[in-house]
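**Q** Below is a structure I'd like to ask you about.
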Amino acid sequence: MNLRLFFSLVGGSFLLAAYAHYFTDNEIFRFATASLAIIFLAAWLGKSTESVAHYAGDRIGGFLNATFGNAAELIIAFFLVKEGLFDMVKASITGAIIGNMLLVLGLSVLLGGLKFKEQTFNSKLAGHNGSLMMLAIVALFIPAVFMQQLPPAEIGTLSIVIAVVLILAYVLWLIFSMVTHREFLSDIEPHESEAVWSKGVSILMLALSTVFVAIVSEWLVHSVEQVSHSLGWSELFVGAFVIAIIGNAAEHSAALLLAMKGRIGAAVEIAIGSSLQIALFVAPTLVLISLLLGQPMDIVFTPFELAAIGVATFITISITKDGATNWYEGVLLLTVYVILGTAFFFV
């Protein structure tokens, strides 16, 4: 897309969202315009991240894509925590995890597979990713099991301990994958990439897009609760699918484009890497941030959310463990996503 047209769409959507937020009282219109603006701003964030990643190298570039691709989700979740909407926060975390593994990865595998009969990537990396997702499931499962036996204060302490341990595990994973065993976990497919801007302009664009995402995220959160009540949607469905899809816009665009260029390894790293970052870093960080805000949030997820994360992890590990993908495996991932989305809608 022409950059001038692209930034016209970004600016126009932002101004429309600003008008709706400050000059109208229609919450549905506010929510719709803020959602539209987030999608375009996330695309700007994704383009900026990809440009910065060009100068940073493959592994660090993939980490930056995952990190700033999750910026929208983290910022939205922060404002949800600030408003005390803990159920929606946990639902959005669930949605971000399963959305990356099923929707983003599913579309990437499907569209990439339609162009290339089979695409391969590092199977060792796939194995480690699967083990880390199993760790996340264990960490989220334990508080849900013990909450029936422990008083709220002890559940809160358990949540803090798990949050700290998960963050430590994630930091050690970064050291393992980017430092001590970097050569074993690199992409195996050749690729070419081009930066959209110079290094300095790329960093500036990344900073500006993050700031604008933060502004519009706060507008979105102000209207989301009333909209969910007006439309009769549960907080679980809104958080897990509506907000998650909006926040995943950056990963959608980046992973799909890479997969269609034959770079399925990079697409897998963005999709699964984003899920891991949400489960092992973003969710625990939100628990610790809630303490600073004076509104402690535990890490106890509902059985529906745990089941969704477990199912998504199981099918993703099953499909990626051999280090090769085809278009039909993308169909399988998307099928599971549609089934979960339908079930969450009726909860």
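The values are calculated or read from the model by the stated rules, or taken from the named source; none is laboratory data. Note that the coordinates shown come from a computational prediction; the quantities given were computed from them, not determined experimentally. With ideal geometry, Cβ positions are generated from the backbone for all residues, glycine too; neighbour counts draw on all protein chains shown. We work out accessible area using only protein heavy atoms, side chains counted, and drop any ligands, DNA or RNA first. Shrake-Rupley method; radii C 1.70, N 1.55, O 1.52, S 1.80 Å.
**Q** May I ask you to verify whether Ser253 is in contact with a Pro (Cβ under 7 Å, 6 or more places away or on another chain), assigned to a helix (DSSP H, G or I) and not hydrophobic (A, V, I, L, M, F, W, C)?
**A** Taking the combined requirement at face value, the residue does not satisfy it.
**Q** Within the range 137-145, identify whether any single residue is over 19 Å from Glu305 (Cβ atoms) and of a type in the set (A, V, I, L, M, F, W, C), and answer yes or no.
**A** Within the range 137-145, not a single residue is over 19 Å from Glu305 (Cβ atoms) and of a type in the set (A, V, I, L, M, F, W, C).
**Q** Show the residue pairs meeting these rules: Cβ distance below 6 Å; 6+ apart or different chains; first residue within the range 290-315 and within 17 Å of Val165 (Cα to Cα) and at pLDDT below 90; second residue open to solvent by 30 Å² or more (accessible area, probe 1.4 Å) and not aromatic (Phe, Trp, Tyr).
**A** What qualifies is Val300/Met147.
Okay, residues lined up against (1) closer than 26 Å to His222 by Cβ; (2) not small (Gly, Ala, Ser):
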position	(1), (2)
Ala34	yes, no
Tyr55	no, yes
Ile75	yes, yes
Phe78	yes, yes
Asp87	yes, yes
Ala96	yes, no
Gly99	yes, no
Leu114	no, yes
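**Q** Go through the range 307-328 and give me each residue that's in a helix (DSSP H, G or I) and open to solvent by less than 30 Å² (accessible area, probe 1.4 Å).
**A** Across the range 307-328, the qualifying residues are Ala308, Ile309, Gly310, Ala312, Thr313, Thr316, Ile319, Thr320.
**Q** Moving to a separate point now. Restricting to the range 145-168, give me the number of residues that are outside any helix (DSSP H, G or I) and either of a type in the set (A, V, I, L, M, F, W, C) or in contact (Cβ under 8 Å) with a residue 40 or more places away in the chain (or both).
**A** Total meeting the criteria: 2.
**Q** In the range 112-126, what count of residues is obtained for those that are surrounded by 14 or more Cβ atoms within 10 Å (Cβ to Cβ), at pLDDT 85 or above and in a helix (DSSP H, G or I)?
**A** Adding up the residues that qualify gives 2.
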